[in-house]
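Everything below concerns the one structure shown next.
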Amino acid sequence: MSYKGFINYNSRVSKEEQEFYDLKIKAAEYYRANGVPQKMEGVLNDMFFDKPDDIYGYLANYFSKLSSPPVISRLLGKETYDGKGQLSLQAQVLCIIKNEEKTTCSAVISSHSEVLDNSFQDPSGVTNINNDKRRDSVMAALHWIHESLNTILKGSDPCDQTGVDKVLSDFFMARYLEDQDIRNREKENQPPSVPVPEPSPPTAPPKDKKGGDKGKKGNSTEKPIPPPEPSELVLPGSMAIGSVSLAVAKTGALLQCIPLYKYIKALRNQQPCPKEMHIPVPLVTLLSCGKMSPGKLNLLEEVIVIPKAGQRLKQIITMVLELQKEMMKIMNAASKTGPKGKYEVITGTAKSPDELVDMYEALISKYPAVVALIDPLRKEDVEQWERLSSVVGGSCSLLSDISSKPQCHSSREDAPSLPGVRGYILNQSNETTVTDLIHVTTENKGTVIIGTTCGEPCSDDALSDVVVGLGVAYVKLGGLSRGERLTKYNRLISIEEELAQQGILDSRKQHTSPLFVGETEEHSST
C-alpha cells in the first residue's frame, strides 16, 4: 500500500507525518522539474561503464559542466602605488561561481596625471597640487567602483568583454558630459575678461652709424606661431574604467582556463585557438635624457634602441644590456675629461617651428641611425609637420603619441591626422578599455605601438599579454631598469617560450609592419 493510501485509511496520522509527506512530494516535483532524476540516471549509467578510479571526481566534473555560468557579484577598489611612488588604483572583480562568491582577478593600469587648472603655478607648489589632484582622482575612482559601477555591473557575464566595456564607456561618457556641462556653466557665470590689446606692429631695427641694420639680416618679419592646443582634460576617477575593464578581461581568461594573451587574441579575431602568434618587437629605451642626464642631451627626451625583427627576446635584451654598458663607459670617460670642480651650464636658444624643422633635417642628415621621431613638433604646427615629413620622410618615420587623448573621442575614430605620421603610440590608461585597444589597433590606418606611461604599475605584467593578444608589431616598455619594467619584459619572454613550445610562435620578419624605413641596431627619438 502506498504512503498516500496509508494516510487515507488511517485517520491517526500525526500532523508532523503529514507535513513530511507534503515536503517529499514538493521535493520530488522540484527535482523532476529541473531534470535531476534523468541526469542522475544518465551519469550513473555512464560511470558504471567507465568505471573511473575517482568516482566522486567523475561526478564533480560532470555536474560542474551543468552549473550556471559565473556572474559578477561585486567590484572592489583599493589604493596602491605605481612605479614612481604615486598613488594609484587597483580594481578587483568578485564572481559567483557554483553558488560561492570568489575573488577572481585584479588589475592596475597606467594613469596620466591630472591637468593643472593654472599653468602659471609657482614651481614650489606644483608638486603638492599634483599630489592633491592625484589623490582626489583616486578617491573619485574608488567611489565610482564601490557605488555606481558595482551596481550596474552586478550580475553581468565576466566573459562578455564587449558588453561590460560598453557599460563602462557609456558610464564614463555620461560623467564626462556632466563635467563638461558644469565647466561650461561656470565659464558663463564668470565676469567678462579684460580684452587683450592687439600687439603693435614690429618696428624697424635700429641702424648703426654706417646706416646698416643691426641684428638679423633682412626686414622680413617672423611668421606668427599658432597658439597651443588646450590641454586634454583628465576626468578625475577615469582610471576606474580602464582598471575594471582589464580586471574583467583577466577574469574571463581565468574562467576559460586560457592565458590572457590568447583570450584577447580571440576577442580581437572573434575566433578561438589562433594558429600562429608573434611577439612584438620591443622598442627599448637606452637613455632617458633631460637636465639630470649626463651629457648634453636636452634636445632629446629619450634614446631608443629599435632591434632588428626576427630575433628572440633574450637575444635583444642581452644586446641592449651590452650596449648600455658601452654607453656608460663612454659617458663616464667623457665626464672625467671635463674641468673638475666646475659646473657646466647648458644654455638653450628658443627656436621657431620652422627653425626646429631645419635642425631636425641637419640632425638626421648627420646621424642616419635616427630613423624615428616621436612628437618632434606640437600638434598644432601642421604646416611644419608637413614640411618635416617632406624633408626627412624618406629615411625617418614620424610618430605621434595619442595616449593623452580621451578614448571616448579617439578610440572610436581614426587617430588624429597629422601629415606624414606613420604610427601612433597608445597605452591603456584612465578610461581606455580593452575593447578600445582592440578597436584602435584594428581600425586605425597607421601602425599602433602600445607603450607605458611614467606612472606604470609595479607588479601587474598584464600589458605584455595585452600587446601579444592585440597582435601589434611594436611595444614600448621603457628601459631595462626598474622592477615594474623588467616584470613586463620577463613576461614577454615567458609568453615567447610558451608559444615556441606549442609550435605556434611566428617570428617571421614580415610580421613587423613597414614602420621604420631603415634597419639599424640603434636609433633615437624625441
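The values are calculated or read from the model by the stated rules, or taken from the named source; none is laboratory data. Because the structure is a prediction, the values reported are computed rather than measured. As a convention, Cβ positions derive from the backbone with ideal geometry for all residues, glycine included, and neighbour counts pool all protein chains shown. In case anyone asks, the SASA skips ligands and DNA or RNA and just uses the protein heavy atoms, side chains included. Shrake-Rupley method; radii C 1.70, N 1.55, O 1.52, S 1.80 Å.
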Exercise. If we keep just the residues of segment 271-323 that are surrounded by 14 or more Cβ atoms within 10 Å (Cβ to Cβ) and either in a helix (DSSP H, G or I) or acidic (Asp, Glu) (or both), which is modelled with the lowest pLDDT?
Worked result: 301
Problem set entry | Positions within segment 465-506 being among the charged types (D, E, K, R) and open to solvent by 20 Å² or more (accessible area, probe 1.4 Å), in sequence order | 476, 482, 485, 491, 497, 498
For this session: Can you give me the number of residues within segment 130-166 that are open to solvent by 50 Å² or more (accessible area, probe 1.4 Å) and part of a helix (DSSP H, G or I)?
Result: 14
For this session: Just one of (1) modelled with pLDDT of 90 or more; (2) closer than 30 Å to residue 482 by Cβ; (3) open to solvent by 100 Å² or more (accessible area, probe 1.4 Å) trips up residue 89, so point out which.
Result: (3)
Exercise. Residue 105 fails exactly one of the following numbered conditions: (1) at pLDDT 70 or above; (2) more than 27 Å from residue 402 (Cβ to Cβ); (3) part of a helix (DSSP H, G or I). What is the number of that condition?
Worked result: (3)
For this session: Can you give me the number of residues within segment 58-74 that are within 17 Å of residue 257 (Cβ to Cβ) and assigned to a helix (DSSP H, G or I)?
Result: 3
Problem set entry | Residue satisfying all of: in segment 434-464; charged (D, E, K, R) and in a helix (DSSP H, G or I); surrounded by the most Cβ atoms within 10 Å (Cβ to Cβ) among these | 436
